[in-house]
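Taking it in order: structure first as structure tokens, then the write-up.
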Amino acid sequence: MRRPIVIGNWKMNGDSAFTGDHLRSLADKWAGVHNAEVAVCPPYPYLSLASDILEQTNIAWGAQDISVEKNGAYTGEVSASMLADCGCKFAIVGHSERREYHAESSELVAKKFKVAVESGIVPVLCVGESLEDREADKTFDVVGRQLLKVVEHCGLDVVAKGIIAYEPIWAIGTGKSATPQIAQDVHSYIREVLGPEGDQIKILYGGSVKPDSAEALFKQKDIDGALVGGASLKVDDFVDICKAAE
Ligand code: PGA
């Protein structure tokens, strides 16, 4: 039985006033016992604020990226062990915006995944194809390659300690979510690639998830929740998506 999870990826948005108000309101609206797990990933400067506000709540917090290095002379980097030390539970690795704007390769992403697990952080590995890949019928190829890099580098036992997020690039921030069927097909392919271990690994969908599209996505047998960007910045929308995952 895979417990559903919804993770908010705030990207580079918000300030301390927004973060404080948003998280207090979210904690209030999500209080009580829930079947779905909820986490938010605000920008680095606000993680300690998130840690303080969320401490006695049922909402976890995570980072949007981690360094591949463990410590040392790496100006500007933040290590997984530092984040774990501060109470961080999750870290997104290999988001398409990092692959694209920071030239992160699948090799680097695989190393980050391993470092996260070794540090006690649950990595949320993003995989997904571009519109061009999809139109050229290369979706499974691209997603399979991104995934196998991590499996080869870490081994399936380590992969099983993380979460996979299928995020088709053409759906991210475009308002054009994948249909439940398109998402389900890729999720089921990912599970097939992972083999028997795949049964216990959570696979989230990400890409323009909104309150009105969430329920149909979550009804699919291989969709275990969502990684939510834009809609996670609106408390009510985010809570509605979390409720749909229950
Ligand atoms: P979106 O972003 O929900 O705004 O499409 C999702 C993501 O990039 O994780």
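The values are calculated or read from the model by the stated rules, or taken from the named source; none is laboratory data. Bear in mind that the values here come from a model prediction, so they are computed numbers and not experimental data. Here the Cβ positions follow ideal geometry from the backbone for every residue, glycine too, while neighbour counts run over all protein chains shown. Calculation scope for accessible area: heavy atoms of the full protein, side chains included, ligands and nucleic acids excluded. Shrake-Rupley method; radii C 1.70, N 1.55, O 1.52, S 1.80 Å.
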Spin-label pair Ser48/Asn71, simplified geometry with 7 Å Cα→Cβ offset, distance in nm: 1.8 nm
Environment charge of Gly32, counting only residues whose C-beta is closer than 13 Å and scoring Lys/Arg +1, Asp/Glu -1: 0
Whether segment 158-221 is rounded, prolate or oblate, judged on the alpha carbon gyration tensor where a/c under 1.5 counts as rounded: prolate
Local net charge near Ser81, Cβ-Cβ under 14 Å (Lys/Arg +1, Asp/Glu -1): 0
Dipole of the chain, positive end: most advanced residue of Gly8, Pro211, Phe90 [Cβ charges, Cα centre]: Phe90
√(5λ) per eigenvalue of the Cα gyration tensor, segment 5-244, largest first, Å: 25, 22, 16
Heavy atoms of Val193: accessible area, 1.4 Å probe, square angstrom to 10: 40 Å²
Length-normalised contact order of the chain in % [C-alpha pairs under 8 Å, at least 6 apart]: 21 percent
Gained length - Asn58 relative to Lys221, 0.36 nm times residue gap less alpha-carbon distance: 56.1 nm
Low-density loop positions, trypsin sites (Lys or Arg not before Pro), segment 99-140 - DSSP coil, at most 15 other Cβ in 10 Å: Lys138
Residue-count net charge about Gly198 - beta-carbon cut-off 10 Å; Lys, Arg +1, Asp, Glu -1: -3
Computed helical MRE - 222 nm, the chain, DSSP H runs ≥ 4 contributing -39500 (n - 2.57), nearest 500: -12500 deg cm²/dmol
Among Leu147, Tyr101, Leu227 - extreme Cα towards positive end, dipole of segment 5-244, charges at beta-carbon: Leu227
Farthest positive-ward along segment 113-180 dipole, Cα basis, beta-carbon charges - from Ser119, Ala178, Val158: Ser119
Of Lys89/Lys176; Lys70/Lys138; Lys111/Lys202; Lys11/Lys210; Lys149/Lys210, pairs whose Cα-Cα distance is over 24 Å: Lys89/Lys176; Lys70/Lys138; Lys149/Lys210
Dipole magnitude of segment 5-244, debye to nearest 20 (Cβ charges: Lys/Arg +1, Asp/Glu -1, about Cα centre): 160 debye
Centre separation in Å (Cα based) which lies between segment 60-87 and segment 183-238: 26 Å
